[in-house]
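Participant: Sharing a structure here in structure tokens format.
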Amino acid sequence: MKLLAAAALALLSWSALAQEPYPSKPIRILVGYAAGGGNDIIVRVMLPELQKGLGQPVIVENKPGAQSIVAAELAARAPADGYTLFMGPSGPMTINPATYSKLPYSPLRDFAPISLICEFPLLVTVDARLPVRTVNELIAYAKANPGKLSYGTPGTGTSLHLAMEEIAAKAGVQFLHVPFKGQADSAQALMGGHIMAQVDSTGWARQVDAGTFRLLATLGDRRTRWNAPTVKELGIDTVSNSPYGLVGPKGLPPPVLKRLHDAFKAASDDPENMKTLQQLDQLYWYKSSEDYAKWAAERLQAERATIERVGLLVK
């Protein structure tokens, strides 16, 4: 009898929990980089509107490490109840397993995409002292000097590295890739004449505004505030970007997913967030949960072809 009573009590408790409206307690958003960076600033600016839309406190937890893989794994392993989320550039759904032998989750199977809101523009800059004023001139130099045009990125296998290799393949040239730990290191190398070009997001904006660096082109599908042309405009048929994505663990109940999506979309559209995006030189780039999932799958497939071609495929 005691066993039956305990089972009945457990069933009632579970039933009450299942009927409990979402959300009924604070929600945490994991950010895979240190506090104070662009990733961190974006989500914190959105907090007031998110909390208003969800009716609960939203807490940001910074879990830096391994290009955000540490934070992404924590989110993937969390209960699928909508109380632990992950936000970062492209989200973990586009960290390509083809370049990571021990990625602790499946990008497409272990996450529930919620929304994309904005993108880091990826651009090509050179030292202003270099007599190169366009991407076509950069490619002409690479054709005349195979393997000698050096460019820096935040690391091997990153979207920036793969984008440049895609450009090299389409233009029929050979670049020399030099990986760095981050934008600051590659910027110093560019200023010191150790590399000829830098490919990154907008961490170099001050150098471009000051005339120290020259902006040649953007790798995305839209011009930025500096009005540099896209590489596609220049006749190279490729587009690469780095959007921000919000995801939760796989198996989020549809009502929870919709509630999160709607609150996140409202916070994304808030004028204060739009103002912050402009200050950080980022572009609004919304995608719904369904469109986010489709985009991520297509991106992984396209990048895998480049990974195979440049010899980075993990076997």
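Participant: Which of the residues belonging to the range 280-294 are under 29 Å from residue 205 (Cα atoms) and at pLDDT 90 or above?
Facilitator: 286, 287, 292
Participant: Consider only pairs whose beta carbons are under 7 Å apart and that are at least six residues apart or on different chains; among these, list those whose first residue lies in the range 34-45 and is at pLDDT 85 or above and whose second residue is buried (at least 19 other Cβ atoms within 10 Å of the Cβ).
Facilitator: Taking only residues 6 or more apart or on different chains, the pairs are 43/29; 43/31; 43/87; 45/273.
Participant: Select, from 249, 243, the only residue that is crowded, with 23+ Cβ neighbours inside 10 Å and either at pLDDT 95 or above or in contact with an Asp or Glu (Cβ under 7 Å, 6 or more places away or on another chain) (or both).
Facilitator: Exactly one of 249, 243 is crowded, with 23+ Cβ neighbours inside 10 Å and either at pLDDT 95 or above or in contact with an Asp or Glu (Cβ under 7 Å, 6 or more places away or on another chain) (or both), namely 243.
Participant: If you don't mind, another one. Can you give me the number of residues within the range 208-261 that are within 19 Å of residue 116 (Cα to Cα) and of a type in the set (A, V, I, L, M, F, W, C)?
Facilitator: 8
Participant: Quick one: is residue 255 of a type outside the set (S, T, N, Q), assigned by TED's automatic domain parsing to the domain that holds residue 102 and buried (at least 21 other Cβ atoms within 10 Å of the Cβ)?
Facilitator: When the stated conditions are applied, residue 255 does not pass them.
Table: residues versus (1) outside the structural domain of residue 86 (by TED's automatic domain parsing); (2) over 30 Å from residue 261 (Cβ atoms); (3) among the basic types (Lys, Arg); (4) touching a helix residue (DSSP H, G or I) at 6+ places or on another chain (Cβ under 7 Å).
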position: 148; (1), (2), (3), (4): yes, yes, yes, no
position: 167; (1), (2), (3), (4): yes, yes, no, no
position: 190; (1), (2), (3), (4): yes, yes, no, no
position: 199; (1), (2), (3), (4): yes, yes, no, yes
position: 208; (1), (2), (3), (4): yes, yes, no, no
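Participant: Which one of these is in contact (Cβ under 8 Å) with a residue 12 or more places away in the chain and either within 24 Å of residue 203 (Cα to Cα) or of a type in the set (Val, Ile, Thr) (or both): 300, 277?
Facilitator: Going through 300, 277 in turn, just one is in contact (Cβ under 8 Å) with a residue 12 or more places away in the chain and either within 24 Å of residue 203 (Cα to Cα) or of a type in the set (Val, Ile, Thr) (or both): 277.
Participant: On to the next question. Quick check: anything in the range 135-142 closer than 24 Å to residue 33 by Cα, in contact (Cβ under 8 Å) with a residue 40 or more places away in the chain and surrounded by 16 or more Cβ atoms within 10 Å (Cβ to Cβ)?
Facilitator: No.
Participant: Do you know which residues across the range 151-206 are within 23 Å of residue 309 (Cβ to Cβ), within 16 Å of the chain's Cα centre (by Cα) and crowded, with 18+ Cβ neighbours inside 10 Å?
Facilitator: 153, 154, 157, 158, 159, 160, 161, 162, 163, 199, 200
Participant: Which of the residues spanning the range 59-91 are in contact with a helix residue (DSSP H, G or I) (Cβ under 9 Å, 6 or more places away or on another chain) and among the basic types (Lys, Arg)?
Facilitator: Result: 63, single match.
Participant: Is it true that some residue in the range 88-96 is modelled with pLDDT of 85 or more and either surrounded by 23 or more Cβ atoms within 10 Å (Cβ to Cβ) or of a type in the set (Ser, Thr, Tyr) (or both)?
Facilitator: No, the range 88-96 has no match at all.
Participant: Of a type in the set (A, V, I, L, M), at pLDDT 95 or above, farther than 21 Å from residue 251 by Cβ and assigned to a strand (DSSP E or B): which single residue out of 59, 117 fits that description?
Facilitator: Exactly one of 59, 117 is of a type in the set (A, V, I, L, M), at pLDDT 95 or above, farther than 21 Å from residue 251 by Cβ and assigned to a strand (DSSP E or B), namely 59.
Participant: Among the residues of the range 217-226, which ones are assigned to a loop (DSSP other than H, G, I, E, B) and either out of contact with any strand residue (DSSP E or B) (no Cβ under 9 Å at 6 or more places or on another chain) or not polar (S, T, N, Q) (or both)?
Facilitator: 219, 220, 221, 222, 223, 225, 226, listed by residue number.
One line per residue, one yes/no per condition, for (1) assigned to a loop (DSSP other than H, G, I, E, B); (2) more than 16 Å from residue 280 (Cα to Cα); (3) of a type outside the set (Phe, Trp, Tyr):
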| position | (1), (2), (3) |
| --- | --- |
| 165 | no, yes, yes |
| 181 | yes, yes, yes |
| 187 | no, yes, yes |
| 195 | yes, yes, yes |
| 198 | no, yes, yes |
| 203 | no, no, yes |
| 206 | no, no, yes |
| 215 | no, yes, yes |
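Participant: Right, another one. Looking at (1) among the acidic types (Asp, Glu); (2) in a helix (DSSP H, G or I); (3) within 28 Å of residue 217 (Cα to Cα), which one does residue 237 not meet, given that it meets all the others?
Facilitator: (2)
Participant: So, one more: Answer yes if at least one residue in the range 255-269 is of a type outside the set (A, V, I, L, M), modelled with pLDDT under 90 and not in a loop (DSSP other than H, G, I, E, B), and no otherwise.
Facilitator: Within the range 255-269 (the criterion being of a type outside the set (A, V, I, L, M), modelled with pLDDT under 90 and not in a loop (DSSP other than H, G, I, E, B)), the answer is no, since none of the residues qualifies.
The values are calculated or read from the model by the stated rules, or taken from the named source; none is laboratory data. All values derive from a computational prediction rather than experimental measurement. Positions of Cβ are generated from backbone atoms using ideal geometry, with glycine treated the same way; all protein chains shown enter the neighbour counts.
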